[in-house]
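Input: a single structure, listed below in structure tokens.
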Amino acid sequence: MENLEISHDILLAGSDFESCRKRAKHFFDRTMLIRYDEVLILENESVNGDDKEFSTRLQEGLAANHQAVGELLRNLKDEGFDSLEDIQGVEKGYVSKIFHTIAHLLDGFIGIDSRFYNLEEDSHGISRDLQQKILSEPQNYWILKVNGRIASASKDPFHALRTFEWKGKSND
């Protein structure tokens, strides 16, 4: 049995690490969008807004999400999609799932593809208003490193993500 581990940087407001940890844990316990068998919130890899690394982590997270969307768009192009009109003919399957993932990354639904997630605004980005708040009171903002683990009964840890493919079929 192998575990698949997914890593996220989560931006949130709070007076200290512990209050933010509890809030992030509550979010992951309650969200229906992703389910992990275990959620680890790593204090030694989390940063406060006063930390010199905070801005870098924020920018890297935003860039990682942007890169993920770009890769998904390239996948669509490789599948023959060149314009919005091509969407009308998409059938359920691999390509429709690419569209679905892009929509989640653009509209703010957290998923396993989310490298950075702004819990304050339920977004993969950050508004100018929140940027200003962070600049004026950096000690009140945190980026928490969250690792979600998904157990797989297979030697291939990605099998745990493909359970919808195996309904009614053998897992071997």
Report summary line: Scanning segment 78-96 residue by residue, those assigned to a helix (DSSP H, G or I) and surrounded by 11 or more Cβ atoms within 10 Å (Cβ to Cβ) turn out to be 86, 87, 95, 96
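Would you be able to say whether some residue in segment 107-120 is assigned to a helix (DSSP H, G or I) and either crowded, with 18+ Cβ neighbours inside 10 Å or modelled with pLDDT under 85 (or both)?
The answer is yes, given that some residue of segment 107-120 is assigned to a helix (DSSP H, G or I) and either crowded, with 18+ Cβ neighbours inside 10 Å or modelled with pLDDT under 85 (or both).
Please specify each residue of segment 20-56 satisfying the condition of being of a type in the set (Ser, Thr, Tyr) and either in contact with a Gly (Cβ under 8 Å, 6 or more places away or on another chain) or at positive phi (or both).
Of everything in segment 20-56, just one residue is of a type in the set (Ser, Thr, Tyr) and either in contact with a Gly (Cβ under 8 Å, 6 or more places away or on another chain) or at positive phi (or both), namely 36.
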Query raised in the report: Within the bounds of segment 47-66, is there any residue that is surrounded by 13 or more Cβ atoms within 10 Å (Cβ to Cβ), in contact with a Leu (Cβ under 9 Å, 6 or more places away or on another chain), at pLDDT below 95 and among the small types (Gly, Ala, Ser)?
Result: no
Report summary line: With criteria (1) more than 20 Å from residue 26 (Cα to Cα); (2) in a strand (DSSP E or B); (3) β-branched (Val, Ile, Thr), residue 134 comes up short on (2)
Query raised in the report: With respect to the numbered conditions (1) farther than 14 Å from residue 144 by Cα; (2) assigned to a helix (DSSP H, G or I), which one is the sole condition not fulfilled by residue 58?
Result: (1)
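The values are calculated or read from the model by the stated rules, or taken from the named source; none is laboratory data. No experiment lies behind these values; they were computed from the predicted model shown. Cβ sites come from the backbone with ideal geometry, for glycine too, and all protein chains shown count toward neighbours.
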